[in-house]
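Q: I am attaching a structure below and will ask some questions about it afterwards.
The values are calculated or read from the model by the stated rules, or taken from the named source; none is laboratory data. Nothing here was measured: the structure is a model prediction, and the numbers come from that model. Don't worry about glycine lacking a Cβ; one is built from the backbone with ideal geometry, like all the others, and counts go over all protein chains shown.
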Amino acid sequence: MLVEAPEDEPMDQKHALAALGALAQETRLELFRLLVTSGPQGLPAGVIAERLGVLPSSLSFHLQQLTHAGLITQRRLSRHLIYSADYGTMNALLAYLTENCCGREAVCAPVCDPVAGRTSATPDATAA
C-alpha cells in the first residue's frame with residue numbers, strides 16, 4: 001500500500017511523516033538527491049547502484065522505501081527499471097514544512113520545476 005498523497009490534495013501530516021521517515025537514512029537521502037539532480041528522465045537501477053556504490057540487493061530495499069513514501073516513481077523502459085524523483089511530492093512536502101512560515105500566511109517554499117529547469121519561490125507581496 002502506497003502512502004503518497006493524491007496529486008490534487010495537499011500534503012498532510014501522515015504523508016509528511018512517511019516521506020521524512022524514508023529520507024531519514026543516509027543511503028536513501030543520497031539516492032533521492034541523486035534522482036532529483038538527474039531530472040524527470042531518471043536513472044536506471046544499475047546506474048544508481050554504481051554511482052552510490054550500493055549492492056543491488058540493498059539498493060532494491062532503499063528504492064522500495066522511497067517508492068512506498070511516494071518520493072520516487074518507477075517505470076519500465078525495455079528491460080530496465082528507471083527511477084525518477086516525484087517532484088510533485090517533493091514540492092508538496094516542502095510546502096507543508098514551510099506552511100505559514102514566519103507566522104504569516106506567506107508561501108516561502110521553493111517550487112522545483114525540472115521541465116522548465118528552474119526553482120522559484122513565491123514572493124510575499126506584504127514583505128518589506
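Q: Collect the residues in segment 33-91 that are more than 18 Å from L20 (Cβ to Cβ) and among the hydroxyl-bearing types (S, T, Y), keeping them in residue-number order.
A: Listed by number, the residues that qualify are T37, S38, S57, S58, S60, T73, S78, Y83, S84.
Q: Going residue by residue through segment 104-111, is there one that turns out to be modelled with pLDDT of 95 or more, on the phi < 0 side of the Ramachandran plot and either within 17 Å of the chain's Cα centre (by Cα) or charged (D, E, K, R) (or both)?
A: No, every residue in segment 104-111 fails to be modelled with pLDDT of 95 or more, on the phi < 0 side of the Ramachandran plot and either within 17 Å of the chain's Cα centre (by Cα) or charged (D, E, K, R) (or both).
Q: Within 12 Å of the chain's Cα centre (by Cα) and either at pLDDT below 90 or not polar (S, T, N, Q) (or both): is that true of A92 in this structure?
A: Judged against the criteria, A92 is a match.
Q: Please work out which residue is nearest to D86 (Cα to Cα), limiting yourself to segment 40-50 and to residues that are surrounded by fewer than 18 Cβ atoms within 10 Å (Cβ to Cβ) and not hydrophobic (A, V, I, L, M, F, W, C).
A: Per the stated criteria, the residue is P40.
Q: Can you list the helices (runs of 4 or more DSSP H) found entirely within segment 21-83 that contain at least 2 residues being farther than 22 Å from M11 by Cα and touching a strand residue (DSSP E or B) at 6+ places or on another chain (Cβ under 6 Å)?
A: none
Q: Of the residues T73, T37, which single one is modelled with pLDDT of 95 or more, of a type in the set (S, T, Y), under 12 Å from the mean Cα position of the chain (by Cα) and surrounded by 13 or more Cβ atoms within 10 Å (Cβ to Cβ)?
A: After ruling out the rest, the residue left standing is T73.
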